[in-house]
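For reference, the structure is listed below as structure tokens.
The values are calculated or read from the model by the stated rules, or taken from the named source; none is laboratory data. Just so you know, these numbers come straight off a predicted model, no measurement behind them. Virtual Cβ from ideal backbone geometry, glycine too; neighbours counted across all protein chains shown. Remember, those area values only see protein heavy atoms, side chains included, never the ligands or the DNA or RNA. Shrake-Rupley method; radii C 1.70, N 1.55, O 1.52, S 1.80 Å.
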Amino acid sequence: MNRQDFRAALLSIVALAATATSGSASSQAPADGVTALLRRFEQVVQNADAAAHQTLLADSADRPRSADFASTELLPGATRVVIQERDRQPLPGTLPDGGYRLMVDAFAEYGGRARIATWLLDVKRVGESGSAREWAIAGEERVSSVESLYRLSLTTTRQFAVHDLKITVEDLDLLLLDGSVFVVEIDQGITGLILLGNGTLRFRPTPETEQGQVRIFCGSETLEARFDALFLRVHPSDVNGLVEASRLQPRPVDARDLRRAQDIFRTESPKSFVLDLGDLSRDAWSLLPGPGDFLAEIHTRRFDTLTYARSGSEAEDISLFDRRRHRNIAIYASKQRMATRGRSYNEDDSVDYDILDYDLDIVVTPERQFIEGRARVRLKARSYMLGTLTMKLAESLTVQSIVSSEYGRLFGIRVKNQNSVVINLPTAIPRDKVLTLMVTYAGRLEPQTPDRETLALQPPGRGTQEDAPVLIAAEANWLYSSRSFWYPQGPVSDYATATIRISVPAALECVASGQLQGGFPFLVPAREAAQSRKVYLFVAAQPLRYLAFIVSRFVRAETMTIAFPQESESVRMPARANHSLNLSIEANPRQIARGHDYADRAANIATFYQSLLGDTPYPSFTVAVIENDLPGGHSPGYFAALNQPLPSSTLNWRNDPAAFTGFPDFFIAHELAHQWWGQAVGWRNYHEQWISEGFAQYFAGLYAQHQRGDETFASFMRQCRRWGMDQSDQGPIYLGYRLGHIRGESRVFRALVYNKSAAVLHMLRRLVGDEMFFRGVRRFYQTGRFKKVGTEDFRAAMEAETGRPLERFFERRSAIASTATKWWCTSSNSATCSTSRLR
């Protein structure tokens, strides 16, 4: 795209943002004869009046086809109908203003049940302007529909007395010793229960690993607590199998109990299965849980509200969640799921489609934390028949339209309390069919908070000066990355190419995923200088797991091209390997001197990593040097944000697993390594996160050995082992992000997923020898490049190079799948290995 075309696209999206409303397309439609026709159509649908429907048709309408439409869409019993116009295009073959093709959403209530349909209506002008029959319907077609939505309510006329009512699901026992039960009923039966009274819960997960996490939460491997209220959601077909009917004794409704049950219902029912229907209805409409699914919101005296869920759509279908502190206590696969799938899984196996390419137009106003976007997403179906698809997008961002190049405008539903949009397709599409969606959205979105690669303060009592004044404020920056959901994306990370056009205020700069294109940024002036914009264009020709950008005041400190030495013919090279790297340093104004210093250091590190793996995955890399109270960083594809504490900071972070005082290049070495490990080579689920962090940590250690010698490397490895041993009782590496999650202790995560993983890799190196180890690592990288891999893939690569089975090491000694700490005792006291044969 040239600059002129891009200016037009930018002006288009800015104009779109300026006219955006709360997301109701109908509020933008003119109040004309077409609107009046739709209002009459609402009454026809509500009355299911087939005869009146015929009077709305144009003479040219296909009457038999319209009768078929009426038989499926004009259903008796509707109590309220809303038809909202979403799109209006000129009708082919008509004069200007002579006809339109409308896309409308029709919402119909039938008491406590509802349905939504998307219709394509052709309307023609058939009378004089302002006449009673100015417009008529020439054609009707249902594009898609969502059936069986329910407006739940508590049954106020029935109360049951109970004694010793027991509800048991896998690993959870709920016992109501004495109390009352109220029910939530729909036309299919009971879908909800509220239990009040004196109850106990007992939760003991089957996996030993999860028992350890429960122990961290409550001090015992079995969680036992009293509860006084419980809200339960199930599919109506499951109620009889869960609740023994003979235990429910009808009794007169007690007004006090009813008020309390209604309070519980109002609080708990909106948390799950509820849709946001926007301008179609302000009421809370709910989906039914699937057969076999189970949700319990348990009000305990000791732990506040705990949520137990069993969801057949999840790879790990059992979970226990601490509502108050937003912590996952346990997540694991049920016995049935384990029997059919086994322990290992790839999160991609559960998704219905692959995203192939993104094309994003983004307007960012950081001071308001406001984003306007238009995302073109090209995807390919993986399911054999795909009728709906779910995309992730931050809940605070309003979806204004979803348009398919193949099917036109589509209907999307927001799921409340989740960063997701469910898109209904007009017809099921077959496997491997490519679909292109254009999603327009806008809203306020807070930037991403520092992740676990930012060090933590020392605990009170160890020299922390957490209340000391900060004399100089850090330069503001706004990071939007993998945890922001700032653009529509798949349910899990997915490798895709991307083009990102970003407009920021003229006083700010931007670094993003992709290679900055020539001629960018350029200035789009405005009448008022403060309203001027700066426009960037980034292209990621190599696939990325996720997209990110950061906005701040940046100054270009350095730029260079690194030409890597050519490999010998005997060394295997990845297909489309990059033989050079365009390196740029962008720094906050006070950090320009450090930015200059980072240039040569980053170049040396990248050259060293390329010598180990024979490749650099992306053709360009930018270091964004930003100010922060604590050191750390974040490394999406193509760039890394590197924190620089201000000299005035009095905060103490020395007692941290990732604080290597004798190795000042640690952070840039670790973050740069993520371009290979974590970005080019991804992990198939969160249990395999050690592949990203462990390899990045070990490669940083290898660079310490290369740069500073064996003594520094030995010190590095001793620190890795020490922290790994100290925190091993917190769980195995296999738990990934969940390590330290329950108590909010990010040090635990870094001690185990960073340091312990690096120590495991070093043990393997000592076991198989330098040559075989680095050949195996290179094979693993080459076969996993731009893929999501797991521990078994690494083991296969190592076994292929060494020619020996390594099952015993990986299962018993690596601690990747075991909580045992005995393996530490088997390692040599010396951490020094020669790097003379790294290649």
message = Need the C-alpha centroid separation for segment 226-240 versus segment 170-205, integer Å.
response = 4
note = Given GluC sites (Glu not before Pro), DSSP loops and at most 10 other Cβ atoms within 10 Å, the longest exposed-site-free stretch of the chain is 129-527
request  = Positive end of the charge dipole of the chain (Lys, Arg +1 and Asp, Glu -1 on Cβ, about the Cα centre): tell me which of His674, Ala526, Leu38 has its Cα farthest that way.
outcome  = His674
request  = Using the Cα centre as the reference, give the magnitude of the dipole from point charges on the C-beta atoms of the chain (Lys, Arg: +1; Asp, Glu: -1; all else neutral), rounded to the nearest 20 debye.
outcome  = 1220
request  = On the full set of protein chains, 1.4 Å probe, figure out the accessible area of His163 and give it in Å² to the nearest 10.
outcome  = 120
request  = May I ask you to give the percent of accessible area on segment 123-276 that is carbon plus sulfur, with a probe radius of 1.4 Å?
outcome  = 44
inquiry  = Leaving out ligands, DNA and RNA, and with a 1.4 Å probe, what % of the accessible surface on segment 695-787 is carbon or sulfur?
reply    = 42
query = With every protein chain present, what is the per residue accessible area of the chain (1.4 Å probe, Å²)?
reply = 41
ask   = If the chain between Met385 and Val555 were fully stretched, how many nm would it gain, using 0.36 nm times the residue separation less the Cα-Cα distance?
value = 56.1 nm
ask   = Could you state the number of Å between the C-alpha centres of segment 755-780 and segment 375-433?
value = 43
task = May I ask you to compute the full-extension gain from Asp62 to Ser350, defined as 0.36 nm times their residue separation minus their alpha-carbon distance, rounded to one decimal in nm?
result = 99.4 nm
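With a ≥ b ≥ c the root eigenvalues of the C-alpha gyration tensor of segment 46-114, is it rounded (a/c under 1.5), prolate (a/b larger than b/c) or oblate?
Oblate, because a/c is 1.5 or more while a/b does not exceed b/c.
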task = Work from the charge dipole of segment 505-649 (Cβ charges, +1 for Lys and Arg, -1 for Asp and Glu, about the Cα centre) and give the residue of Leu508, Ala541, Phe639 farthest towards its positive end.
result = Leu508
query = Angle between the Cα long axis of helix 791-802 and the longest principal axis of the chain, 0 to 90 degrees, nearest 10?
reply = 40
task = Would you please classify the overall shape of the chain from the alpha carbon gyration tensor, given that a ≥ b ≥ c denote the square roots of the eigenvalues, rounded means a/c under 1.5, and beyond that prolate means a/b larger than b/c while oblate covers the rest?
result = oblate
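Would you mind checking the pairs Lys335/Lys433; Lys380/Lys756; Lys392/Lys787; Lys433/Lys787; Lys756/Lys787; Lys433/Lys534 and listing those with alpha carbons more than 29 angstrom apart?
As for pairs spanning more than 29 Å Cα to Cα, those are Lys335/Lys433; Lys380/Lys756; Lys433/Lys534.
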note = Sparse-neighbourhood loop hits (chymotrypsin sites (Phe, Trp or Tyr not before Pro), segment 217-297; DSSP loop; Cβ within 10 Å at most 13 others) -> none
note = So for segment 134-256, using the alpha carbon gyration tensor with a ≥ b ≥ c as root eigenvalues (a/c under 1.5 gives rounded; past that, a/b versus b/c decides prolate or oblate), I'd call it oblate
ask   = Going by alpha carbons, how many degrees (0 to 90, nearest 10) lie between the helix axis of 710-727 and the longest principal axis of the chain?
value = 50
inquiry  = Relative contact order of the chain, please, whole-number percent, based on alpha carbon pairs below 8 angstrom and at least 6 residues apart.
reply    = 7
